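Working notes for the structure below.
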Amino acid sequence: MAHIDQHAIVQHVHVPCGSKYAPPANRGDIFSSARHLGYITTTRGLKPLELQSKWGVEAIGWCPEFRYRDRLFFPVHDNKGTSVSWVTRTINENNKYRYLAAHLDRERVPLKTILYGERYVSPFDTVIGVCISDVRREVALLYKEYQEVEQITEKAKSKIEVILMILRTRFSGLPDDIVSLLDQITDLETLDEWAGYAVISESLDEFSEVLRHNKTNDI
């Protein structure tokens with residue numbers, strides 16, 4: 001997440017990319033279409049009057065460009081209120097292309113360089129910018145790290161099981177208190193150390209005494 005300086009937003013220089021502002025044809029009043037109005041109020045829970053009066057949202061029903069049919073049209077303005085780009089949103093939830101934005105040759109300024117609603121931002125507002133691609137990348141990295149940790153943990157668990165088996169089979173008939181100690185220890189480093197004691201100990205009594213002594217020191 002990055003903090004965007006307000007002055008950088010208001011005073012940024014737009015790089016023209018298209019020769020004209022060319023939105024889809026046959027745009028109309030959102031109140032004239034029951035389907036568009038129903039989508040706005042019922043499906044999305046938005047206020048149609050505000051969308052129309054403040055944001056200039058329009059309805060697209062039939063359109064010579066088939067891909068833009070049955071959509072809401074959102075004009076995008078610069079900080080002076082000039083229309084420079086646009087984006088559409090389908091009202092049909094079965095349409096997998098939910099958002100369709102202006103092509104480069106149909107907008108005056110690249111959409112990605114515009115802060116939507118920029119003209120309503122005052123010099124006293126703080127704007128926080130979030131790059132979705134960066135967020136997704138961070139999530140992917142975190143998930144990868146999580147998987148690696150899980151793999152390490154699984155390997156550690158497997159090694160612990162092997163060490164416990166070694167300790168239990170190296171000396172048959174371990175005393176109950178030693179068995180209890182082994183069952184309580186899940187630290188791989190400690191078990192590695194105990195496995196070393198098991199190898200160098202000449203008898204069960206010696207091994208048990210070493211473990212009891214180390215446990216007492218730990219406490």
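No value in this document is a laboratory result; all are computed from the given coordinates. Please read these numbers as outputs of a predicted model, since none were measured by experiment. Note that we place each Cβ from the backbone using ideal geometry, even for glycine, and neighbour counts take in every protein chain shown.
Distance from the C-alpha centroid of the stretch 26-59 to that of the stretch 65-85: 14 Å, rounded to the whole angstrom. Basic side chains Lys and Arg get +1 at the Cβ, acidic Asp and Glu get -1 at the Cβ, and with that the dipole of the stretch 14-127 about its Cα centre reaches some 200 debye.
The GluC sites (Glu not before Pro) of the stretch 51-125 that meet both conditions, a loop assignment by DSSP and at most 15 other Cβ atoms within 10 Å of the site Cβ, are Glu65, Glu93. Counting other Cβ atoms within 10 Å as a rough exposure proxy, the listed residues Trp55, Trp62 run Trp62, Trp55 from fewest neighbours to most. Cβ crowding within 10 Å ranks Asp29, Asp176 as Asp176, Asp29, fewest other Cβ atoms first. Relative contact order of the stretch 14-127: 30 percent, from C-alpha pairs under 8 Å at least 6 residues apart in sequence. With a Förster radius of 22 Å, plug the Cβ-Cβ distance of Phe31 and Trp62 into 1/(1 + (r/R0)^6) and report the FRET value to the nearest 0.05. So, using R0 = 22 Å, E works out to roughly 0.80.
A straight chain from Asp183 to Glu206 at 0.36 nm per residue would run longer than the Cα-Cα distance by 6.3 nm. For Asp78, Asp177, Asp183, the sequence from fewest to most other C-beta atoms within 10 Å is Asp183, Asp177, Asp78. Applying 1/(1 + (r/R0)^6) with r as the Cβ-Cβ distance of Ser53 and Ala22 and R0 = 35 angstrom yields a FRET efficiency of 0.90. Close amide H partners of Leu46, meaning residues 5 or more places away or on another chain with modelled amide H under 5 Å apart, are Thr41. With the simple model of a label 7 Å out from the Cα in the direction of the Cβ, Arg119 to Glu193 spans 7.1 nm.
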